[in-house]
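The values are calculated or read from the model by the stated rules, or taken from the named source; none is laboratory data. Keep in mind it's a predicted model, so treat the numbers as computed, not measured. Neighbour counts run over all protein chains shown; Cβ positions are idealised from the backbone, glycine included. The area values use the complete protein model at the heavy-atom level, side chains included, leaving out ligands, DNA and RNA. Shrake-Rupley method; radii C 1.70, N 1.55, O 1.52, S 1.80 Å.
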Amino acid sequence: MINLRNIVLPLLLLLLLAALSVARGQQTVFGLFRNDINLGDKYYKDKDYLNALKLYMEAARRNPDVQLRVARCYYSLKEYTKAVSYYERYLQEKRSLPWSDTYFYAEVQAATGNYKTAIEYYQKHLANKKDDELAMRKVWRLSNIQYLYEDSAHITVRPLSLNTAYGELCAVPYRNRIVFMSNRKEAELVEKVNASMNAPFYKIYSARVLPGSGSKTGHQYDKATLFSKELASKLNAGPVAFYDKEQKMVFVASAHETGNGGRRSLQLFFAEWKNGAWTESTPFPYNSKYHSISDPTISEDGKVLYFSSDMGGGLGGRDLYKSTFVDDKWTQPENLGETVNTPYDEAFPFLHQNRTLYFASNGHPGMGGFDIFETAITADGYSEPRNAGYPINTSYDDFGMVVDSLDTHGYFSSNRRSGGYNDDLYEVEMDIQTYPVTIAGVVKMKEHAWSDSSALALLPHVRVYLIDKLRNTTVYESRTDSKGNFSVTVPYFSEYVIRVVTDDGKESFVVLEIPKHQRQVSAHEIVFVKDTF
């Protein structure tokens, strides 16, 4: 007779062991899944977005919630189209984004030119943060994007023949050459790779501008070669800025020591041209292994230095700073403040004629991604930044603007061709007003504001002063002739007013509008109302 107990008990035991094994296996799989996410979060916090992305991509196959982390990584890697794709996958599953992601979703939509959707999500962000003035301004800018196309017929942009499938950026003129940075592949026995980008480290290159190549068809260049073996870094190097008749330079290189998380910060170093070679002289005294200092621009006399940094105490992200050389030492870096800096990133400053600062920002309202802006350096700070407009700016990342002394030719960088960190160099020709420019006109007066225009009287022999309103200084003085005619020489771009003073000491002011483009300068008729004197 068969004993059922002898059969059932072992069978139950086997089933129990199998269930425990499955449960343990499920716990192991879940544990591995959590480990991937936790390690990915650590990489993301350390700004190692590429390694974080690899782990998130694997985890996203098992949990749609992780797609948000994937989207954030692509945003940080400047892969805006892919970031939009993963945000949309998440939205298909969940129907709505966490509020903390609505702003970044608006950002990637703007960066891919989807302005209608970007406005919608900026407004959703504002529903929970009604006092976010920056988001309000971005909504206004995208709703009135046509204003950024006004000068497009007067600006020509061309890609440089030096561009490769890798990154080329931050070109600056140097003698009869240009100097730029690139992470292009070279024939080396041992190639060092930047793990955070899975590409070679950036090095400093130069290329000769070929004689006879001009602005109508774009400049042509000789083959690019390494700029200086003496300054070659084992890791990242560049950008650079020259001064003192191109006999000195300040450049960026990776720190010699590691800081937080084993990462190397970017630091500034100075060098001089001696005996036919560049020789490193001194490091910038405020370099740190705990934060980066990059993107230098310096005055010709070497007294004023601007740069970008993520050092503590800023407004958020990377900010622009200024340091001056006083009594043979650099002063403590000074944050440029809220007019220029935002809670996001400002970088790649360029000091032009000691009067204007060009820079790139993804915080100020623009066309999407990084846009190029300019701000006038005034007597009490900086003017409201002005967007350079299309075609210099696009919905992609545009940055690293440098221009010549006439404001007619320059270089900038952009990832508009391929996105991501595959930046390219572009040259730009601008048919805008050049300086100095002479403005001629006639000064007239009428008795009252409501008087008929036929009752205008000439104002002979009055003193005329041209005043730079931003810097509160008189830059030119003149006097009208017997028929009220005058001329003034406008030395540089700014905002101007004309002050007229009669022989009996009475005075009045009027704003002087200077044409933005060449070939538009005509005689000005300046009419004062007697009541205003």
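List of remarks:
- Region 58-91 - residue that is within 25 Å of Leu134 (Cβ to Cβ) and not in a helix (DSSP H, G or I) and, of those, least open to solvent (accessible area, probe 1.4 Å): Leu77
- Considering region 378-440, the qualifying strands (runs of 3 or more DSSP E), each wholly inside and each with 2 or more residues that are more than 14 Å from the chain's Cα centre (by Cα) and of a type outside the set (A, V, I, L, M, F, W, C), run over 409-414, 424-430.
- Scanning region 421-450 for residues that are farther than 26 Å from Val488 by Cα and either modelled with pLDDT of 80 or more or surrounded by 15 or more Cβ atoms within 10 Å (Cβ to Cβ) (or both) gives Tyr421, Asn422, Asp423, Asp424, Leu425, Tyr426, Glu427, Val428, Glu429.
- Those strands (runs of 3 or more DSSP E) lying entirely in region 455-527 with at least 3 residues at pLDDT below 90, within 43 Å of the chain's Cα centre (by Cα) and closer than 29 Å to Asp380 by Cβ: 507-512
- Filter result (in a helix (DSSP H, G or I), under 17 Å from Ala127 (Cβ atoms) and not small (Gly, Ala, Ser)) within region 92-106: Trp99, Asp101, Thr102, Tyr103, Phe104, Tyr105
- Selection status of Leu406, among the aliphatic types (A, V, I, L, M) and either open to solvent by 50 Å² or more (accessible area, probe 1.4 Å) or touching a His at 6+ places or on another chain (Cβ under 6 Å) (or both): yes
- Considering only residues in region 320-362 that are part of a strand (DSSP E or B) and of a type in the set (S, T, N, Q), the one that is nearest to Leu406 (Cα to Cα) turns out to be Thr356.
- In region 465-501, the qualifying residues are those that are in contact with a Lys or Arg (Cβ under 8 Å, 6 or more places away or on another chain) and small (Gly, Ala, Ser), and the one that is nearest to Met445 (Cα to Cα) is Gly484.
- Counting only residues that are part of a loop (DSSP other than H, G, I, E, B), farther than 20 Å from Gly312 by Cα and open to solvent by less than 70 Å² (accessible area, probe 1.4 Å), region 260-284 holds 1 of them.
- Selection status of Ala165, small (Gly, Ala, Ser) and modelled with pLDDT of 95 or more: no
To keep it simple, each residue is scored yes or no on (1) at pLDDT 95 or above; (2) open to solvent by 10 Å² or more (accessible area, probe 1.4 Å); (3) outside any loop (DSSP other than H, G, I, E, B).
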position: Glu246; (1), (2), (3): yes, yes, no
position: Met249; (1), (2), (3): yes, no, yes
position: Thr258; (1), (2), (3): no, yes, no
position: Ser308; (1), (2), (3): yes, no, yes
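- In region 143-179, the residue that is nearest to Lys245 (Cα to Cα) out of those that are of a type in the set (D, E, K, R) and open to solvent by 80 Å² or more (accessible area, probe 1.4 Å) is Arg175.
- Filter result for Trp99 (over 30 Å from Tyr243 (Cα atoms) and modelled with pLDDT of 95 or more): no
- Check on Pro365, of a type outside the set (D, E, K, R) and either part of a strand (DSSP E or B) or open to solvent by less than 10 Å² (accessible area, probe 1.4 Å) (or both): no
- Every listed requirement among (1) under 26 Å from Lys185 (Cα atoms); (2) of a type outside the set (Lys, Arg); (3) touching an Asp or Glu at 6+ places or on another chain (Cβ under 8 Å); (4) open to solvent by 10 Å² or more (accessible area, probe 1.4 Å) is met by Asn236 save one, (3).
- Whichever residue in region 368-391 is of a type in the set (S, T, N, Q) and in contact with a strand residue (DSSP E or B) (Cβ under 7 Å, 6 or more places away or on another chain) and, among such residues, is surrounded by the most Cβ atoms within 10 Å (Cβ to Cβ): Thr375
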